[in-house]
Amino acid sequence: MSPISLKIFNFPPIFSSVDVREFLHLFGLETTRLIKRRNTNGAIVCVDNESEARLVISRLHQLLIKTHRLKVEYTNQGEESSSAELQSSPLADKVTKSKSLVTVAEKCFTLGYEGFPPPHLAYRYPKCSPEVLQNIARELAGNTAFYYQTLHLMNKMNLQPPFERRQDTITTTPAAEEQQSQATVSDEESELESDSEMHEPGKPKSAYSQVMHDILRNRIPEEQRSTLNVFQNYSRGDPTTKLYIKNLSKQVTEQDLEELFGIFFNANLLKGMEIKLMKTGRMKGQAFVTFVPVEDATEGEPLNEKFKNCIDQALATVNGYILKDKPMVVSYGKSV
């Protein structure tokens with residue numbers, strides 16, 4: 001039996017071609033061709049038989065990703081070349097209805113997918129328990145593909161490799177660890193919010209808390225940073241009024257940096273920021289952010305202690321924060 005081609009499209013516009021490939025790879029699908037449909041990326045995948053095709057349709061057709069629902073259609077080589085004509089034609093809907101072997105009501109279910117991992121993947125699964133862990137272990141032992149996918153995911157998440165024997169020092173369940181992690185984030189948020197100098201009076205505290213929560217939740221833990229090449233030989237440097245940032249995504253803008261670091265100061269301390277973002281050349285992906293106090297210290301006079309604390313807090317909090325899919329590496333810049 002010849003392979004069956006399926007066309008999967010209507011991904012959110014934020015999904016790049018790489019995102020589409022990686023997303024489909026999570027479901028065990030290999031992309032044979034990328035397509036453009038209604039200004040969004042899509043893909044052509046092949047499955048071996050009708051049963052697999054039904055399974056793909058049941059799992060992905062009408063799957064909600066943010067505000068977009070995926071669509072899965074049967075296709076063939078001839079249709080691939082004429083997809084541009086079909087996308088604006090009423091005939092496309094008729095073709096989809098006539099060729100679809102299962103209906104949404106019969107087969108589709110919602111996985112609760114709200115974004116692309118990490119950190120926005122959120123399935124509605126039961127809480128972890130010893131029984132669940134035992135069942136997962138059995139599947140890992142009997143399913144080679146699942147085993148390799150698990151190792152691949154652990155590698156992408158920079159988790160400790162499981163190949164060596166570890167000391168059994170963990171006494172809490174995964175659910176308890178998650179609660180402890182949440183408590184750590186909340187404690188750190190509370191500590192940050194207690195500093196009135198970091199909360200701008202004109203900005204609602206709830207918005208400030210939301211931004212801080214996003215930073216803390218999407219930051220690589222300090223104990224895991226040494227496993228990344230970009231944090232090798234990392235040093236904070238000597239305190240100055242300038243921060244040096246590297247490993248920035250090419251999508252990052254000066255406004256992103258201004259909004260990110262601006263939350264650590266209020267109008268009584270910060271006069272402005274001088275941002276130099278390198279977008280070309282060998283220093284591409286690096287930036288310097290210089291903080292200008294409201295009252296510049298005279299030559300030989302130490303900086304305002306509160307102002308220095310805000311800069312130090314900004315460095316400690318933002319270092320390791322994943323901004324637009326890349327972790328920021330933040331240290332003190334050298335004064336001129």
Full-extension gain between F146 and N76, please, as 0.36 nm times their residue separation minus the C-alpha to C-alpha distance. 22.3 nm
Strictly over 30 Å apart at the Cα level, which of K36/K326; K7/K246; K7/K284; K242/K324; K36/K250 would you flag in this model? K7/K246; K7/K284
Per-residue ³J(HN,Hα) for the stretch 134-140, Karplus 6.51 cos²θ - 1.76 cosθ + 1.60, θ = phi - 60°, Hz, x for Gly and Pro: 5, 5, 5, 4, 5, 5, 4
In order over the stretch 252-262: 3J(HN,Hα) from phi, Karplus 6.51/-1.76/1.60, θ = phi - 60°, whole Hz, x for each Gly or Pro, gives 5, 10, 4, 5, 4, 5, 5, 5, 5, 7, x
Please compute the Kirkwood hydrodynamic radius of the stretch 4-75 from all pairs of different C-alpha atoms, in Å with one decimal. 12.0 Å
Return the equivalent ellipsoid semi-axes of the stretch 205-332 as a descending list in whole Å, where each equals the square root of 5 times an eigenvalue of the C-alpha gyration tensor. 23, 17, 15
Determine ³J(HN,Hα), in whole Hz, for all residues of the stretch 57-67 in sequence, where each value follows from phi through the Karplus function 6.51 cos²θ - 1.76 cosθ + 1.60 and θ = phi - 60°; x replaces Gly and Pro. 4, 5, 8, 10, 5, 6, 5, 7, 10, 6, 9
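Computed from the coordinates by the stated procedures, all read-outs in this text should not be read as laboratory data. Just so it is clear, the structure is predicted and the values come from calculations on it, not from any experiment.
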